[in-house]
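The values are calculated or read from the model by the stated rules, or taken from the named source; none is laboratory data. Here the structure is a predicted model, which is why all the values come from computation and not from measurement. Positions of Cβ are generated from backbone atoms using ideal geometry, with glycine treated the same way; all protein chains shown enter the neighbour counts. For the accessible areas, the whole protein counts, side chains as well, though only heavy atoms, and no ligand, DNA or RNA atoms are used. Shrake-Rupley method; radii C 1.70, N 1.55, O 1.52, S 1.80 Å.
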Amino acid sequence: MACPPPPPQFVLRGAQSAVNTLHFSCSNKADGPPLLFSGSLSGLVHVWNLQTRRVDATLDGHAGQSVYWVKTLGDQHLLLSQGRDLKLCLWDLAEGRNAPVDSLSLDSVGFCKGSVLSEGTQGSWLLAVPGKGMDEVRVLDMPSKTSVCTLKPAAGAKAGMPMCLELWQPACGPCPLLLVGYEDGSLMLWNVAERRALSRLSCHQEPVMSLGFDPRKAKGLSGSSEKALRVWSLDEQQNLKVCRTQELTNPGIADIAIRPDGKIVATAGWDHRIRLFGWKQLKPLAVLDYHSAAVHCVAFSDAGRPSEQLLASGSKDQRISVWSVYNQP
Amino acid sequence: MDPEVSEVRHTVQEALHTLSSSRDGIQISKALTSMKLYLNGVQNTVLPREREEFCKIYFSTFLRCLVNKLSPDWLELLPTGQLEELWDSFFLEGPADQAFLVLMESIIVIAGPSYRLMKMAQVLTKFLKMGRLAELMWEMCQQQVPRGSSLLQETLLNKVVCLPDHLSNQMKEQSPSLFFPQNYFPLLGEEIIQVLQRISDSLRGGLDCSISFLSQIVAKVCIHGRQKEILGVLVPRLMELTQADCIWQRLSWRLVESVPDRGMEAVVSGLIQEASEAKVLSQLLGNLVMKNKKAQFVVTRKFLLLQYRYPTEVLQNLLGYLALDSHRRTLLLQVLKDLLETWGSSSVVKHSPVEQQFYVSKAILICLSHLKESEIEHIREELLTSMMGGVQCHIESSLPQVRHLGMIVAETISSRIHSEGPHLKFQYEENKLTRELLSLVNLKPADASSPASGFPAVPASVIQPSSLSPEGKAHREEEKDKGSASDLDSDDEFVPYDMSRDKELKSTKAPVYIRDCLEALTTSEDVERWEVTLQVLESLIKRSPAATKEVSKELAKVLLHLEEKTSMEGFEMLRQRALVAVTVTDPIQVAQYLTSQFYAMNYSLRQRMDILDVLVLAAQELSSPKSLEEAKILGPSRPDIQLLPAPQTPSLNKVPSEDWRKIVEERIKNKTRRFGKGPSRTDTANGPNKFNSVVGYFFFPLIERFDRPLVTFDLLGDDSLVLGRLVHTVGILMYFAINTTAAVPMGKTLLEFVWALRFHTDAYVRQGLLYSISSVLWSVPAERLLGDLTDELLETRSWLAVVAENDPDEDCRKLAMQALLLMEKLKDKLQIVGS
């Protein structure tokens, strides 16, 4: 008989509000201890020190409005956070500072998280955020905040609001591509430079809640409020097509994360559980049952050594659980 | 008197005289040579008439004389074995029948091993090796049945067939291996083929021959039980020869047809068993079954209805043979009707062994697979009627195998009657028996006799295998799925964790108090709340025994009457566990309630059986020395109602699977020697037997009212299944009562109960009774058994002996044997104590 799943390695308490988003920052050993950033419903961003397992700093920049996306840029010091106050804040945390250095006002009131592409020229990076129009996505060049383009589906497409974004640079081409999951359950692949849609795939009946994409395999997966995960792939002609469907026991996938080594996928379920799958064949590996309310987000650490790869999940029950699974090299 | 004839006579007499009186080698040799002229002399020296006369009248006398003279020094009268050679030649070259008879005769009369015996056996060996037997049979076949020679024929027949017996009687272990039956009869078979070859040649030449002697030989050999040896040679050879040649074909039919009546059965059954496929049988037997009553009886009744020891292939060959020819198909229909009549007869279902019923069912399925649509059309009504009757009495049976037989046969019949539209469909689990039967359903006859017959596809064959095992199908699909991905691209490097707890999320909160549960189960309209309640009920009961005791009876009542509102997974098991937990928590109250309800009105049989199950499980838990918490999870109750959670009696092999580990550990412990100092530590759990004080409440109310029928519930009548369960239950309770004070009165009551039911017709009830006896022997202390229960024990013992010998059910016989063994052991134990 199979072993029972392991318990969490440790649990971070003290967010004092539902945890909406998580982001690891552990790559630069020299700069400091590994950190975990979390954004909460109360509008605070917590910076957790993973060595002491305590809060290092609390950032308050969204006027008490829920923070639903945090992301570091390049090194640990630059942090992006997106909140319900229609603001995207840029923080520089070096030397203990804790005030936003810059902010960008957003036009969309949706829950769509942004996406950044920081590869390329030093200091500048691309940011995709939901745009002003209902179904638009805006791509900006940062930090100059100049608009690169606005991507809007054709008039008759009826795609609805964008729900999740993924900006990435293909290995074979110079121009960045953007994957967008829409409210009607369809996925669209955009060429940012040419501002045109390359492919569209309707893969869910319900709005796409989350997506994950692995550029190395040209393969991704998406979840919605249904009881199924879809895996799809991108062929040479940049067409999206469905590879397989993984049925789930309970409906609702809030977040998806692919481990940096491309071996494991984790999903955050509305059913309080984290599910782990093998990324190659989507073989179900484990169901981690710790939280007592819906899990909002999952994140994998970007640590170099396999034995140090961590999985964190944040839940409505105000806890962040940190797991160490499938770490044997 | 004819001068030539008298000359022959004169010569022979002279030679005989010489032989008997002379010790001169040359003289003797001369006399013998003169005799030999009559056998194979040149044409002009001996007239044919003289030769014939010699052969007919004097030859055997002469041979006898030769035998009498046989001794080592007599043969040495002439040097270099000339005389011996001459002596042998008379036997090997003269008329085979007489030579053979004289040889056999003289071998039989010789007392004890001697030189003469060895010499005769040697000659006989040569005789056989030279193929003289074929000569002998050929001679008999040529004679146009002369009336007078029937005696000779009879004698020859006897001697030919019984040769191995005679030889081994005389020679004991010195008998040459050629005379062993396993060597002799194949030789005989070869010789018969030789003779048949000659007969076919002579038939082609326009000469008439009789084959009946050969038939008689074959028949007699078969009657002697040597079918395998002789037919093993004959069948393949005949198969080869009859393939292309119509004379051979007729010859082989004739060979079987001329078999005398008393040998017919042996020959036909031998052929049926020896034939490798239906076509062979058809070629060898032809339409014999239509012509010969005896053969018909053997094929249509004896093989199918009276015996049941043959393997399935034999059945397939037999029925395939009937189906191969249009004339015989009428017989096939008749056979099917007879089989169905037997299958559908309730008395057969009740009284014949399961193996035979299995055999008959197989035959029915094979028959059905051979029938064409048009033929089924004709007998549709009859099929329907017999199916209806049959399926009812099968399903009523309390033995699961019998029920399965009924279900599968009925399904097949219904799918054949109505090739379109809905079929009967039963639920049964897959096991060895059902698989074997279903494989017969899906069988296609090897090839239909005429290409025009156009055998219709059996619809059942398409539907059943897939519908039988959805899991299997899913599994296959999964494998196919896996097959498409390359090995490199698999997630096998990660071992999955246990995901069995990944259930659907329930939004309702589980109740925390027993009284809430009661309320939720009785009044709640909220299905989810109801399900959640049932899921937590067992653990709640165990956690709060005091609160449970306050409402134990109501709770038991609610649970007993609980019906499955939704198709909830594991409903039966949850309900049962909860009931068991209640019973364990408050044994007296609840056991009293349950046992009284067992005989109450307005319960379904299912509920009554549930009561029995709960009592047994509760008794097990109470009597086990482990504490309640440790003993909790009993594993899923199995759907098979035959499987009661039986106790771990070593004498019974019905061990519940949960306990296998314990048993293995115990065995290892017994076989392992440990060396150590100081007192050995015992780590077995111990505590007071909680069952001791309450066992009476479980046992006596159950047993005292079985003979009072209610309107809806008649234990001694139709509801023998429940009676069987009741008997098993009291047996198990008896077993758990070991080491309790109530064991002795319980044993006494139980033995009386068994005595009252001992001639019950249902095998399942009898099994229960036998099991109960075993548990009485096991649980009641030996001294008390002999002291208080002597009379009952003696009665029981004689009944056990009868059952062990005569019961039609195999399990009953085994159980009776086990009980008898237990009794023997008991006796030994008492003797040891006494001495």
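Considering only protein heavy atoms, what per residue accessible area in square angstrom results for the protein assembly as shown with a 1.4 angstrom probe?
47
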**Fill in**
Using a 1.4 Å probe on heavy atoms of the protein chains only, the accessible area for A:TYR326 in Å², nearest 10, reads 30
**Cut-off 9 Å between beta-carbons: net charge of the residues surrounding B:LEU77, Lys and Arg +1, Asp and Glu -1** = -2
**Request:** Give, as a single signed number, the net charge of other residues whose beta carbon lies under 15 Å from the beta carbon of B:SER22, with Lys and Arg counted +1 and Asp and Glu -1.
**Result:** -1
**Request:** From largest accessible area down, sort B:GLU550, B:GLU528, B:GLU429; use a 1.4 Å probe on the protein chains.
**Result:** B:GLU550, B:GLU429, B:GLU528
**Prompt:** What does the helix-only formula give at 222 nm for the protein assembly as shown: each DSSP H stretch with n ≥ 4 adding -39500 (n - 2.57), the total divided by the residues, and the result rounded to the nearest 500 deg cm²/dmol?
**Reply:** -15500 deg cm²/dmol
**Prompt:** Cα gyration tensor of region B:718-825, axes a ≥ b ≥ c as square roots of the eigenvalues: rounded (a/c below 1.5), prolate (a/b > b/c) or oblate?
**Reply:** oblate
**Complete:** Note on region B:514-627: contact order normalised by length, alpha-carbon pairs under 8 Å, 6 or more apart, percent, works out to 26
**Prompt:** How would B:MET140, B:MET118 rank on accessible area, largest to smallest, probe 1.4 Å?
**Reply:** B:MET118, B:MET140
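Percent of Cα-Cα pairs more than 41 Å apart in the protein assembly as shown, please.
Summing the P(r) of the protein assembly as shown above 41 Å gives 68 percent of all pairs.
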**Item:** Cα-based shape type of region A:107-212, given that a ≥ b ≥ c are square roots of the gyration tensor eigenvalues and the cut on a/c is 1.5
**Value:** prolate
**Request:** Express in Å², to the nearest 10, the accessible area of A:HIS272 obtained by rolling a 1.4 Å probe over the protein heavy atoms while all chains stay in place.
**Result:** 50
**Extension reserve of the A:ASN239-A:GLU95 stretch, reckoned as 0.36 nm per residue once the Cα distance is removed** = 47.2 nm
**Asked** With the Cα gyration tensor of region A:60-113 giving a ≥ b ≥ c as the square roots of its eigenvalues, does the rule (a/c under 1.5 for rounded; else a/b larger than b/c for prolate; else oblate) give rounded, prolate or oblate?
**Response** prolate
**Message:** Just to verify a number: what accessible area does B:MET137 come out at with the full protein assembly present, 1.4 Å probe, Å² rounded to tens?
**Reply:** 0
**Request:** Among the lysines, select those whose C-alpha is under 21 Å from the C-alpha of B:LYS825, and discard any that sit fewer than 8 residues away in the same chain.
**Result:** B:LYS654, B:LYS748, B:LYS814
**Prompt:** Under a point-charge model restricted to the Cβ atoms of Lys and Arg (+1) and Asp and Glu (-1), what is the dipole moment magnitude of the protein assembly as shown relative to its Cα centre, in debye to the nearest 20?
**Reply:** 1360
**Message:** Using 20 Å as the Cα-Cα cut-off, could you pick out the over-long pairs in A:LYS113/A:LYS283; B:LYS159/B:LYS220; B:LYS503/B:LYS549?
**Reply:** A:LYS113/A:LYS283; B:LYS503/B:LYS549
**Prompt:** Heavy-atom accessible surface, probe 1.4 Å, ligands and DNA/RNA ignored: which residues of region A:253-289 lose at least 30 Å² versus the isolated chain?
**Reply:** A:LYS263, A:ARG273, A:LYS280, A:GLN281, A:LYS283, A:PRO284, A:LEU285, A:VAL287
**Asked** Which one of A:CYS89, A:CYS297, A:CYS175 has the biggest mean-square fluctuation once chain A is modelled by GNM with Cα springs under 10 Å?
**Response** A:CYS175
**Prompt:** Going by accessible area, probe 1.4 Å, with all protein chains left in place, what is the ranking of B:GLU411, B:GLU704, largest first?
**Reply:** B:GLU704, B:GLU411
**Request:** Take the solvent-accessible surface of the protein heavy atoms, probe 1.4 Å, and return the percent of it on region B:485-606 that carbon and sulfur atoms account for.
**Result:** 51
**Request:** Please give every one of the aspartates and glutamates within straight-line cross-link reach of B:LYS293, meaning a C-alpha to C-alpha distance under 14 Å, and leave out same-chain neighbours fewer than 8 residues apart.
**Result:** B:GLU257, B:ASP261, B:GLU265
**Asked** Taking the Cα centre of region B:514-627 as origin and charging only Cβ (+1 Lys, Arg; -1 Asp, Glu), how large is the dipole, in debye to the nearest 20?
**Response** 460
**Item:** Proximal lysine pairs, region B:328-447, alpha carbons under 22 Å, eight or more residues apart or interchain
**Value:** 12
**Request:** At 0.36 nm per residue, minus the direct Cα-Cα distance, what do B:ARG813 and B:ASP791 gain on full extension? Give it in nm, one decimal, please.
**Result:** 5.6 nm
**Message:** What does the charge count around A:PRO207 come to, taking other residues whose C-beta lies under 12 Å from its C-beta (Lys +1, Arg +1, Asp -1, Glu -1)?
**Reply:** -4
**Prompt:** Chains A and B: buried accessible surface, both sides, probe 1.4 Å, rounded to 100 Å²?
**Reply:** 2100
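Counting pairs of alpha carbon atoms under 8 Å apart in space and at least six apart in sequence, what relative contact order in percent does region B:328-447 give?
30
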**Cα-centre dipole for region B:689-806 with unit charges at Cβ (Lys and Arg positive, Asp and Glu negative), debye to 20** = 340
